[in-house]
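This report refers to the structure that appears directly beneath it.
The values are calculated or read from the model by the stated rules, or taken from the named source; none is laboratory data. The structure presented is a predicted model; accordingly, all values stated were derived computationally and were not measured. In this analysis, Cβ positions are derived from the backbone assuming ideal geometry, glycine residues included, and neighbour counts consider all displayed protein chains. Note: areas computed on protein heavy atoms with side chains; ligands, DNA, RNA excluded. Shrake-Rupley method; radii C 1.70, N 1.55, O 1.52, S 1.80 Å.
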Amino acid sequence: MQDCDYQNTRLTHLGRDTSMSAGFVNVPVCRGSTILADNLEQWAQRKEPDNPYASYGRFTNPTLQTLTQAVAELEGGFQASLFPSGLAACTHALLGMLEVGDHLLIPDSVYGPVRAFAQQVLASRMGIQVQLYEPSLAEGIASLIRPNTKVVYVESPGSATFEIQDIPAIARCAHAVGAYVLLDNTWATPLFFTPFEHGVDVSIQAATKYLTGHSDALLGVATANERAWPLLRRAAHDFGQTAGPDDAFLALRGMRTLGVRLRQHQASALQIARFLENHPKVQQVLHPALESHRGHAIWKRDFTGSTGLFGIVLEPLSEAQLSRFFKTLRLFGIGLSWGGFESLALPMDMPKRNGRTLFGEGQLLRLHVGLEEPQHLQQDLAQALDAAYALNTSRNTSGLRLVAQQA
Ligand SMILES: *Cc1c(COP(=O)(O)O)cnc(C)c1O
């Protein structure tokens with residue numbers, strides 16, 4: 001088992017090859033398309049598929065190669081491919097594994113745009129049988145698996161709902177029919193969940209979030225084990241997927257401090273989650289590291305830490321009160337994405353399952369706890385909650401609600 005301390009130390013050294021950086025600590029940003037060969041013999045050698053100094057800039061270059069190697073090592077996988085966004089990594093990993101007539105299982109708590117892609121593209125236009133499953137299913141998923149099940153997709157905790165999945169149990173059932181297990185590991189990062197030790201075949205990071213960590217780049221990376229790698233690589237090449245070297249450089253730079261950043265995100269988020277759990281206007285806190293969380297036991301068994309993103313359910317409040325809450329916040333910004341140094345808050349649609357709301361009738365919010373002093377963040381939330389509920393309006397639950405799409 002790779003422990004977190006070991007991973008933290010490795011972060012400093014991963015992927016560093018001073019022969020690629022002329023002795024500098026960091027590999028430079030290599031911008032380029034054409035790579036010149038000295039002669040035809042060298043040209044022939046460059047076209048070998050596993051040569052990292054490949055024949056063309058779209059396949060890799062020293063900056064991209066350093067990043068894919070570092071991420072693959074950190075995840076504990078075989079090799080990794082880069083994509084221009086986290087969503088592109090998710091969709092192309094799926095496209096790489098699936099063919100017409102295959103069956104795909106995706107959890108009901110999956111990241112919204114992946115669900116939309118599965119339904120609107122894979123099911124409607126490509127003849128793939130897409131089935132949503134209840135994310136709390138463990139061995140029970142066996143009853144949904146068919147002989148043509150090719151991919152079981154997992155995301156733990158799930159987007160918006162923060163439900164934890166029993167990935168080892170799901171992987172055992174998937175592998176019984178030779179299906180691939182694809183994981184969106186963006187929330188935990190490989191520091192807090194080691195995918196390949198838990199039966200995953202492809203682990204995907206929206207590197208936009210914690211790996212880059214500064215809200216200044218969009219990037220995706222998918223890491224495969226040896227079995228899944230030929231399919232993942234094929235998909236990336238066939239669809240012309242690559243990433244810009246400036247973004248790859250920013251991800252590498254961000255990754256060097258991932259350990260210390262996550263330690264702070266974890267501690268601050270937990271402090272604030274516990275504060276909110278005891279707040280009279282907060283009905284529920286959706287944070288897997290809290291003992292009250294439904295998935296806490298599995299989280300404790302499989303994860304080595306928690307990060308800065310979690311949900312809360314507020315007592316029902318009017319549109320005007322919700323607006324007052326967001327106007328009064330000083331440190332939490334309103335915006336999509338997360339994983340940067342800054343704190344964010346967003347109102348979310350209350351998820352429904354089988355026609356019923358998952359967490360009652362309150363207002364769901366998603367919080368990302370950044371690197372500000374946690375006591376300041378706590379004060380900010382406290383004063384905004386006070387201001388919101390002090391506003392005297394008649395409750396209006398049928399009115400227009402501020403709802404954001406997920407990212
Ligand atoms: C943000 C996010 C993505 C997509 O990443 P982008 O870089 O924004 O495309 C995928 N999965 C999860 C869980 C995310 O939160």
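General remarks:
- Filtering the stretch 89-107 to residues that are within 16 Å of the ligand (Cβ to nearest atom) and either buried (at least 24 other Cβ atoms within 10 Å of the Cβ) or within 16 Å of the chain's Cα centre (by Cα) (or both) leaves 89, 90, 91, 92, 93, 94, 106, 107.
- Residue satisfying all of: in the stretch 166-199; more than 13 Å from the ligand (Cβ to nearest atom) and either of a type in the set (S, T, N, Q) or within 23 Å of residue 257 (Cβ to Cβ) (or both); surrounded by the fewest Cβ atoms within 10 Å (Cβ to Cβ) among these: 192
- Among (1) open to solvent by 30 Å² or more (accessible area, probe 1.4 Å); (2) under 25 Å from the mean Cα position of the chain (by Cα), the one test that residue 320 misses: (2)
- Qualifying positions in the stretch 234-244 - more than 16 Å from the ligand (Cβ to nearest atom), more than 16 Å from residue 65 (Cα to Cα) and in contact (Cβ under 8 Å) with a residue 24 or more places away in the chain: 234, 235, 240
- Any hit, the stretch 260-280, residues being more than 22 Å from residue 358 (Cβ to Cβ), acidic (Asp, Glu) and not in a strand (DSSP E or B): no
- For the stretch 275-286, the condition of being open to solvent by less than 60 Å² (accessible area, probe 1.4 Å), among the acidic types (Asp, Glu) and either away from the ligand (no atom under 16 Å from the Cβ) or under 19 Å from the mean Cα position of the chain (by Cα) (or both) holds for none of the residues.
- Qualifying residue in the stretch 295-312 (condition: surrounded by fewer than 18 Cβ atoms within 10 Å (Cβ to Cβ) and in contact with a Gly (Cβ under 7 Å, 6 or more places away or on another chain)): no
- Residues of the stretch 210-233 that turn out to be within 22 Å of residue 154 (Cβ to Cβ) and either away from the ligand (no atom under 16 Å from the Cβ) or out of contact with any strand residue (DSSP E or B) (no Cβ under 8 Å at 6 or more places or on another chain) (or both), as a count: 11
Every residue, every condition in (1) assigned to a loop (DSSP other than H, G, I, E, B); (2) in contact with a Gly (Cβ under 8 Å, 6 or more places away or on another chain); (3) over 26 Å from residue 225 (Cβ atoms), yes or no:
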residue: 22; (1), (2), (3): yes, no, yes
residue: 28; (1), (2), (3): yes, no, yes
residue: 38; (1), (2), (3): yes, no, yes
residue: 42; (1), (2), (3): no, no, yes
residue: 73; (1), (2), (3): no, yes, no
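- Selection status of residue 74, in contact with a Pro (Cβ under 9 Å, 6 or more places away or on another chain), closer than 18 Å to residue 186 by Cα and either open to solvent by 50 Å² or more (accessible area, probe 1.4 Å) or within 16 Å of the ligand (Cβ to nearest atom) (or both): no
- Pairs where the first residue, in the stretch 364-389, is surrounded by fewer than 16 Cβ atoms within 10 Å (Cβ to Cβ) and the second is assigned to a helix (DSSP H, G or I), C-beta under 6 Å, 6+ apart: 387/324; 387/328
- Filter pass, residue 112 being open to solvent by less than 30 Å² (accessible area, probe 1.4 Å) and either out of contact with any His (no Cβ under 9 Å at 6 or more places or on another chain) or at positive phi (or both): yes
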